[in-house]
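Remarks on the structure that follows.
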Amino acid sequence: MASESTKNKTQTKKAQTPNEVASNQKKKDSSTKVVKEKKTQTTKTNKTGTSTKKKTASTKKVVPKTKEKEESKKVVVKEKVKPISEVVEPAKEKAEKKIVAETKEKAKPKKQEIGDIREHFGVYLLLLSTVLICLHVMGRFELKISTVTVGFSTLLFPTVYFISNIITKKFDFKKTIVAVLTSSIAMVLFVYLSKYLNAKVVDYFVIYGEVFAYIISQLLNLLIYYYLLVNTELKARWIYLTYLFSIMAYHFIAILFSTRIIITDTFWITFFCSVVLSAIIAIMYAFYDCMVPRGQDI
């Protein structure tokens, strides 16, 4: 029986066609290829495993460095970010310091300007006092117009009003009043000194009358002039009228005191002659007064 089975097998082997043989060889070849591919994959996996192990080790070594960097960044951020109070308060202090410095710088020129104003006011005050004393001295010299005798000071007396008007225009009304009072006191002191130095008889009634006339005429001039200065454009005709009214007031009071408050025959003639002479000179001062610029506070 065994011999028969072996015979049958051999018969079946012999009975295979060439196509079947070729297909069998292809299957063998494919199986061998699959085996080779599996071997290569296993080798690759082994290699990749080793490489990944190496990489993980390297990354493990690098991770602490990255952590240190992140921690340092956090520290830097914490140092940079400050509370609002710490940022705002120094800024306020800086702004206040700047404001204080600017105010000091602005205050310095103001102090200088105040010093300059005082110096200029002192110059005008000295000028007004000297002009008034000179006019008092010039009044002792007389001008004869037919039967009328007029003091030589009547020609230049509007100069006093012109200087006082410049003081009001440049500085202030109050300072002008101070200048008028100080100039009148300076005139009285000059009269007392001249009396003791020359040992001459001085009629104080006439001198006090002149000082009184000077103060009243100056107040009249300043009140009208300051009103025009504040409320109008200061035209020459209005300034001339202020000069004219103040000149009339001065000469009327001064001549009245010189005649011992007695209206004589020559009273009105001397009054009109002195007013006309002063009014002629006042025309020049009125036009020149319009050309003088105003001060900063007016």
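The values are calculated or read from the model by the stated rules, or taken from the named source; none is laboratory data. On a predicted model such as this, the values are computed, not experimentally measured, just so you know. Cβ: placed from backbone, ideal geometry, glycine included. Neighbour counts: every protein chain shown. Keep in mind that these areas ignore ligands, DNA and RNA; they rest on the heavy atoms of the full protein, side chains included. Shrake-Rupley method; radii C 1.70, N 1.55, O 1.52, S 1.80 Å.
A Cβ distance below 9 Å, combined with a sequence gap of six or more or placement on separate chains, defines the contacts here; from segment 190-215, residues that are within 18 Å of T154 (Cβ to Cβ) and of a type in the set (D, E) reach residues that are at pLDDT below 90 and open to solvent by 40 Å² or more (accessible area, probe 1.4 Å) in the pairs E210/S258. Inside segment 164-179, can you point out the residues that are assigned to a helix (DSSP H, G or I) and open to solvent by 10 Å² or more (accessible area, probe 1.4 Å)? Answer for segment 164-179, where residues must be assigned to a helix (DSSP H, G or I) and open to solvent by 10 Å² or more (accessible area, probe 1.4 Å): I166, K170, F173, K174, K175, I177, V178. Restricting L241, L256, L228 to those that are free of Cβ contacts under 8 Å to residues at least 24 places away in the same chain, open to solvent by 30 Å² or more (accessible area, probe 1.4 Å) and of a type outside the set (S, T, Y) reduces the list to L241. Any residue at all in segment 186-209 that is surrounded by 17 or more Cβ atoms within 10 Å (Cβ to Cβ) and in a loop (DSSP other than H, G, I, E, B)? Within segment 186-209 (the criterion being surrounded by 17 or more Cβ atoms within 10 Å (Cβ to Cβ) and in a loop (DSSP other than H, G, I, E, B)), the answer is no, since none of the residues qualifies.
Please work out if R294 is at pLDDT 90 or above and among the charged types (D, E, K, R). It would help to see each step written out before you state the result.
On the way: at pLDDT 90 or above: no; among the charged types (D, E, K, R): yes.
In short, no.
Filtering segment 259-279 down to residues that are touching a helix residue (DSSP H, G or I) at 6+ places or on another chain (Cβ under 8 Å) and open to solvent by 90 Å² or more (accessible area, probe 1.4 Å), which residue is farthest from T232 (Cα to Cα)? So, considering only residues that are touching a helix residue (DSSP H, G or I) at 6+ places or on another chain (Cβ under 8 Å) and open to solvent by 90 Å² or more (accessible area, probe 1.4 Å), the one farthest from T232 (Cα to Cα) is R260.
One residue stands out in segment 180-222 among those that are among the polar types (S, T, N, Q) and out of contact with any Ser or Thr (no Cβ under 7 Å at 6 or more places or on another chain): the one that is modelled with the lowest pLDDT, namely N198.
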